[in-house]
Amino acid sequence: MKLYKAGAAVAAAVALALTATACGGKEGSAGDTQAAKPGQSGAPTLPTYQVASTVTLDSPVFAAAKKRGKIIIGSKADQPYLGFEDQSTKKRSGFDIEIAKMIAADLGFGEDKIEWKTVDSGVRETAISTGQVDLYVGTYTINDKRKQLVGFAGPYYKAGADLLVRKDESAITGPDTLKGKNVCSIVGSTPLQEIKNPKYGAKTTELAKYSDCVQQLLTNQVDAVTTDDSILKGYAAANSGKLKVIGKPFTQEPYGIGLNKDDKALRDFMNDSLEKHIKDGTYKKIYEGTLGLSGSAYVEPPAAVRY
């Protein structure tokens, strides 16, 4: 590590299951079996993160966080086993939450020094660029358009857009069967922009939260929901017997950690942190204790993109 010294670096709060390979999976599998829950016999446990005692980093974002005594991290709050907030306890859980906690610990911030902010997809770039959050970890796809506005560390996970439909749906078998169908996704999401492609012939409904789209699917107001398969499988498992994932991903969605566009030192630090914890097994333990509870095989993430 060049500019810093750092020590080595969930239980999910909802009774939901998730089958979350980055791509693929047999049709309907997410809604057919209930995954083991944290705390059950044989369930994997999440790692404990060692908080670095000394960090020296030439980063304006880090300097501001250190001065205020806490780091502000944006995330999602309605994605089971990814980024979820229990409304009764206000505790956050999921794969993205654990990745954020791991990075924060390497930066010298324990869990009690993290302020979580729920940020909807449509305002992520604004929240990052205006300093409302120091980092954003929440199924945030890296693409060239976004990189003009914000920076990214990673990717730390590779997902793919898919379709969530009602269990008895037979007409929709993939994106090429969406002509005239009403497909819901959230404002600002990459899958929404993809499904608007005229070649699919789909109508679209744009809402603020994935959970709202799922509710409209359950009440027959829309025909399908599209977003990353990792998210959809969580909702399919939570609605076992009612919903299914088609299992034909039609995009590649590399997830990155969003940060200030010009803060190269912080970006390099986080890339080093991710690579270190992939090698030492911490990342795998996070996966096995969140997304892997479904029984999905662990797949090592792609190498970080340096720029």
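The values are calculated or read from the model by the stated rules, or taken from the named source; none is laboratory data. Worth saying up front: this structure is predicted, and the values here are computed from it rather than measured. Reconstructed Cβ throughout: ideal geometry from the backbone, glycine too, with neighbour counts over all protein chains shown.
Quick notes on this structure:
- Strands (runs of 3 or more DSSP E) within the range 171-236 that include 2 or more residues surrounded by fewer than 21 Cβ atoms within 10 Å (Cβ to Cβ) and β-branched (Val, Ile, Thr): 203-207
- Matching residues, the range 125-143, being surrounded by fewer than 21 Cβ atoms within 10 Å (Cβ to Cβ) and either of a type in the set (Gly, Ala, Ser) or assigned by TED's automatic domain parsing to the domain that holds Ala208 (or both): Ala127, Ser129, Gly131
- In the range 144-170, the residue that is surrounded by the fewest Cβ atoms within 10 Å (Cβ to Cβ) out of those that are under 21 Å from the mean Cα position of the chain (by Cα), basic (Lys, Arg) and not in a strand (DSSP E or B) is Lys145.
- Among the residues making up the range 58-94, those that are surrounded by fewer than 20 Cβ atoms within 10 Å (Cβ to Cβ), of a type in the set (Lys, Arg) and outside any loop (DSSP other than H, G, I, E, B) are Lys66, Lys67, Arg68.
For every residue, the table says whether it meets (1) surrounded by fewer than 23 Cβ atoms within 10 Å (Cβ to Cβ); (2) assigned to a loop (DSSP other than H, G, I, E, B); (3) among the aliphatic types (A, V, I, L, M).
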position	(1), (2), (3)
Gly247	yes, yes, no
Tyr255	no, no, no
Asp262	yes, yes, no
Phe269	no, no, no
Lys284	yes, no, no
Val305	yes, yes, yes
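- Qualifying residue in the range 44-51 (condition: closer than 28 Å to Lys261 by Cβ and at pLDDT 95 or above): yes
- Of note, Lys279 does not satisfy the criterion of being of a type in the set (Lys, Arg), surrounded by fewer than 24 Cβ atoms within 10 Å (Cβ to Cβ) and closer than 22 Å to Thr190 by Cα.
- Matching residues in the range 221-262 - criterion: being among the polar types (S, T, N, Q) and in contact with a strand residue (DSSP E or B) (Cβ under 8 Å, 6 or more places away or on another chain): Gln221, Thr226, Thr227, Ser230, Thr251, Gln252, Asn260
- Residue check for Val133: of a type in the set (A, V, I, L, M), over 21 Å from Glu275 (Cα atoms), within 17 Å of the chain's Cα centre (by Cα) and not in a helix (DSSP H, G or I): yes
- Sole residue being in contact with a strand residue (DSSP E or B) (Cβ under 9 Å, 6 or more places away or on another chain), outside the structural domain of Gly138 (by TED's automatic domain parsing) and at pLDDT below 95, chosen from Tyr287, Tyr307: Tyr307
- Restricting attention to the range 109-124, the residues being outside any loop (DSSP other than H, G, I, E, B), crowded, with 19+ Cβ neighbours inside 10 Å and more than 16 Å from the chain's Cα centre (by Cα) number 1.
- Candidate set from the range 286-303 (those that are aliphatic (A, V, I, L, M) and in a helix (DSSP H, G or I)); member that is farthest from Tyr140 (Cα to Cα): Leu293
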